[in-house]
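Report on the structure given below.
Please treat every number below as a calculation from the coordinates, not as lab data. The structure displayed is predicted, hence computed values, not measured ones. Positions of Cβ are backbone-derived with ideal geometry, glycine not excepted, and every protein chain shown enters the neighbour counts.
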Amino acid sequence: MRTILLTGFEPFGGDAGNPSGDAVREVAHRWDGPEELVTAVLPVEFDSAAHAVRTRIREVRPDVVIATGLAGGRAVITPERIAINLRDARIPDNGGAQPVDEPSVPGGPAAHFATLPVKRIAAAVGGSVSHTAGTFVCNDTMYALLDETAGSATRAGFIHVPWSDELAPAGAPSLPAKTIADAIETAIRVALASSGDLETSAGALH
């Protein structure tokens with residue numbers, strides 16, 4: 001039986017909720033297999049999130065790993081293509097840590113590329129491929145999971161989601177919570193079913 005590890009994040013700061021964590025719980029609730037789905041809601045803390053995702057990968061030995069997080073300000077689902085080896089926090093994480101110009105993994109590669117079929121996923125969910133996951137906890141978690149699975153057959157990566165309609169601040173772009181959960185479930189199915197990515201450009205000019 002194949003196994004999927006799916007993660008989201010807890011609320012950040014004073015937010016009432018986090019649409020990534022909500023989507024993970026919804027997908028877990030509705031999941032009907034036949035693959036085994038293992039889920040976790042991670043803390044929005046650099047060290048704790050990286051440690052948690054590495055630990056779960058070692059315990060579960062998943063065939064697919066998809067981490068999800070909130071990108072407030074984005075209007076669509078955005079699979080991430082690249083994680084960089086950098087912690088540069090404009091604001092503190094939930095534990096109060098605010099690293100500046102520190103590596104995620106000292107001595108590690110400058111970047112890791114997602115091994116998910118990011119173009120196929122973006123096309124399937126009506127989203128777009130992103131080439132930057134930022135330099136906060138989302139990027140750090142993506143780097144950790146790709147570093148942990150490097151050289152293995154595990155397909156792994158990170159998907160940013162917008163605010164849900166139910167949680168969005170006034171004026172922020174958003175999608176219904178159900179749409180976000182549907183997209184994450186579709187991403188899992190695409191990752192399980194696809195042996196390669198689309199041979200089309202997902203490049204950006206800026």
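A few comments on the model shown:
- Packing-based exposure ordering (other Cβ within 10 Å, fewest first) of ASP32, ASP101, ASP63, ASP88: ASP32, ASP101, ASP88, ASP63
- Structure-based [θ]222 nm, the chain - -39500 (n - 2.57) summed over DSSP H runs of at least 4, per residue, nearest 500: -10000 deg cm²/dmol
- Cα gyration tensor shape of the chain, rounded if a/c is under 1.5, else prolate or oblate by comparing a/b with b/c: rounded
- The residues packed around SER164, meaning those with a beta-carbon under 14 Å from its beta-carbon, carry a net charge of -3 if Lys and Arg are +1 and Asp and Glu are -1.
- Point-to-point label distance, ALA75-ASP32, nm (Cα→Cβ direction, 7 Å offset): 3.4 nm
- Ordering ASP140, ASP15 from the fewest to the most neighbouring beta carbons within 10 Å gives ASP15, ASP140.
- Under the convention that each Lys and Arg Cβ holds +1 and each Asp and Glu Cβ holds -1, the size of the dipole of the range 62-206 around its Cα centre is about 320 debye.
- Surrounding net charge for ASN139, when Lys and Arg each add one and Asp and Glu each subtract one, Cβ distance under 13 Å: -3
- Each of SER194, SER152 has some number of other Cβ atoms within 10 Å of its Cβ, and from fewest to most they run SER152, SER194.
- Selection from LEU42, ALA97, VAL27, by position along the positive dipole direction of the chain (Cβ): VAL27
- Protection proxy ranking, peptides 37-43, 91-97, average beta carbon neighbours within 10 Å, highest first: 37-43, 91-97
- Cα centroid of the range 89-112 to Cα centroid of the range 148-178, whole Å: 20 Å
- Net charge of neighbours whose Cβ lies under 13 Å from the Cβ of ILE84, counting Lys and Arg as +1 and Asp and Glu as -1: -4
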